[in-house]
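Here's the structure, in structure tokens; my notes come after.
The values are calculated or read from the model by the stated rules, or taken from the named source; none is laboratory data. Everything quoted here is computed from the prediction, not taken from an experiment. Neighbour counts run over all protein chains shown; Cβ positions are idealised from the backbone, glycine included.
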């Protein structure tokens, strides 16, 4: 029995060590938590295990993920998540009703995983990179915006780490300029808040456009449940 207990303690220690050292845990807050993955907590069944739930409740105590795990052990419990969002949204700044909110996936994917020229990506020369979108992705939505007299766009994103993010900045700025060239007033809200703060802000959108990934898809679902209009269904 003692051997089993010792082995269990060792496993928990190693898992915790890897969790914090490999992903880069920092005690400075959610902005610096490379391993805080709210989207995975909500929709990824493989991620939803006892160890991850315990570690999130310890290391990210007070976060949305922590509260979600304390209230349910089920993946994709959007009813619970919506209640958490509604309660936490009472005192926050909400997006303007006359604006489209775009969640732009930046950070790791554009900074390190995709190494090609950003112009090639944006012009669709490198095919579909999943999280990363070309100009054509946004072009498809412009007709809807014009038909609904929406002329303001707020782009929200974050990388939440201290590494070089010049590629993220270039990608974001070129998308901003592209939208401005189509007569939209565009505001950037990049790395201004924690992952949780950005999540709550976007969940309260009247008009929302996701890019990709579990975080973005989760926001999409909550916006729809709250009566907002989503511009991308999948």
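Among the residues of region 119-129, those identified as at pLDDT below 90 and surrounded by 13 or more Cβ atoms within 10 Å (Cβ to Cβ) are 124, 126, 129. Answer yes or no: is there a residue in region 209-217 that is surrounded by fewer than 20 Cβ atoms within 10 Å (Cβ to Cβ), under 23 Å from residue 77 (Cα atoms) and over 10 Å from the mean Cα position of the chain (by Cα). Checked region 209-217: no residue is surrounded by fewer than 20 Cβ atoms within 10 Å (Cβ to Cβ), under 23 Å from residue 77 (Cα atoms) and over 10 Å from the mean Cα position of the chain (by Cα). Going through region 69-86 one residue at a time, which ones are in contact with a helix residue (DSSP H, G or I) (Cβ under 6 Å, 6 or more places away or on another chain), over 15 Å from residue 202 (Cα atoms) and assigned to a helix (DSSP H, G or I)? 69, 71, 78, 80, listed by residue number.
Quick one: in region 87-118, of everything that is surrounded by 15 or more Cβ atoms within 10 Å (Cβ to Cβ), modelled with pLDDT of 95 or more and outside any loop (DSSP other than H, G, I, E, B), which residue is nearest to the chain's Cα centre (by Cα)? Applying the filter and picking the extreme gives 103. Scanning region 40-57 for residues that are surrounded by fewer than 16 Cβ atoms within 10 Å (Cβ to Cβ) and either part of a helix (DSSP H, G or I) or over 18 Å from the mean Cα position of the chain (by Cα) (or both) yields a count of 5. Summed over region 224-234, the residues that are under 20 Å from residue 80 (Cα atoms) and in contact with a helix residue (DSSP H, G or I) (Cβ under 6 Å, 6 or more places away or on another chain) give a count of 1.
Condition check for residue 171 on (1) in contact with a helix residue (DSSP H, G or I) (Cβ under 8 Å, 6 or more places away or on another chain); (2) more than 12 Å from residue 104 (Cα to Cα): one failure, at (2).
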